[in-house]
1. Do you know which residues across region 61-71 are open to solvent by 50 Å² or more (accessible area, probe 1.4 Å) and under 15 Å from GLU110 (Cα atoms)?
2. Filter region 11-37 for residues that are open to solvent by 60 Å² or more (accessible area, probe 1.4 Å) and in contact with a Pro (Cβ under 7 Å, 6 or more places away or on another chain) and give the result.
3. May I ask you to list the residues in region 80-89 that are part of a helix (DSSP H, G or I) and either in contact (Cβ under 8 Å) with a residue 24 or more places away in the chain or within 10 Å of the chain's Cα centre (by Cα) (or both)?
4. Kindly provide the set of residues from region 73-99 that are more than 21 Å from GLU110 (Cα to Cα) and basic (Lys, Arg), ordered by number.
5. Take ASP153 and tell me if it is modelled with pLDDT of 80 or more and open to solvent by 100 Å² or more (accessible area, probe 1.4 Å).
6. Restricting attention to region 38-60, which residues are among the hydrophobic types (A, V, I, L, M, F, W, C), buried (at least 19 other Cβ atoms within 10 Å of the Cβ) and closer than 23 Å to TYR136 by Cβ?
7. Could you please find all residues in region 90-109 being assigned to a helix (DSSP H, G or I), open to solvent by 50 Å² or more (accessible area, probe 1.4 Å) and either in contact (Cβ under 8 Å) with a residue 60 or more places away in the chain or of a type in the set (Val, Ile, Thr) (or both)?
8. Just give me the residues in region 1-10 being loosely packed, with under 15 Cβ neighbours inside 10 Å and assigned to a helix (DSSP H, G or I), in sequence order.
Amino acid sequence: ALRCSVCLAIAVAGEGIVGMSHGFWIPMTTAIVLKPDFAGTFSFGLLRVIGTLLGLALATALVHFAFGAEWERIALLAVLCYGFRQLTTVHYGIGVMLLTALIVVLLTFEGMAPGETMPARALGTSIGSALALLAYVVWPTWERGRVRPALADMLDAYRRYFLAVIEDSTRVRVDI
């Protein structure tokens, strides 16, 4: 929590100093990507950047070449929204790609061309992910010392659960 609050303070201050348009993507991405462990942060950061870039390219191409009319973009929104809801739990990168495309299409209804949103979103997401990863270089979490106790706690919980199930006399047992 302390690492996250320091990173968010740096992200918000940096975004304010630079004055980047749509700079809110930096702290938002930092908050989403930063996890308690390095492996989770690295995985989420990589998937977030790749998913964002692919989503920006996908939405820009679709709106520019195939879905120019308003009713077509509404249909595209429905497909992207459905895909996001169905696939985000399957793969985070696909979910980010679809959500990014969804946001780009939504912004077209406000008059923002997809090409206008690409640079700020791509840069903000990349900087936010890099900041979250940099936090582990500057302020590492030594996971080696945490793995064995966590594994021991998990196995002990399984043991207690198994014993509770075996010793439960209210359960009907079937002997084969």
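1. GLY68, GLU70, TRP71
2. Matches in region 11-37: VAL12 only.
3. Matches in region 80-89: LEU80 only.
4. Listed by number, the list holds a single entry, ARG85.
5. Judged against the criteria, ASP153 is a match.
6. Scanning region 38-60 gives PHE44, LEU47, VAL49.
7. If the condition is that a residue be assigned to a helix (DSSP H, G or I), open to solvent by 50 Å² or more (accessible area, probe 1.4 Å) and either in contact (Cβ under 8 Å) with a residue 60 or more places away in the chain or of a type in the set (Val, Ile, Thr) (or both), then ILE94 is the only one that fits.
8. Within region 1-10, LEU2, SER5, VAL6, ALA9 qualify.
The values are calculated or read from the model by the stated rules, or taken from the named source; none is laboratory data. All values reported here derive from a predicted model rather than from experimental measurement. Using ideal geometry, Cβ is built from the backbone for each residue, glycine included, and neighbour counts are taken over all protein chains shown. Quick note on the areas: whole protein, heavy atoms, side chains included, nothing else; ligands and nucleic acids left out. Shrake-Rupley method; radii C 1.70, N 1.55, O 1.52, S 1.80 Å.
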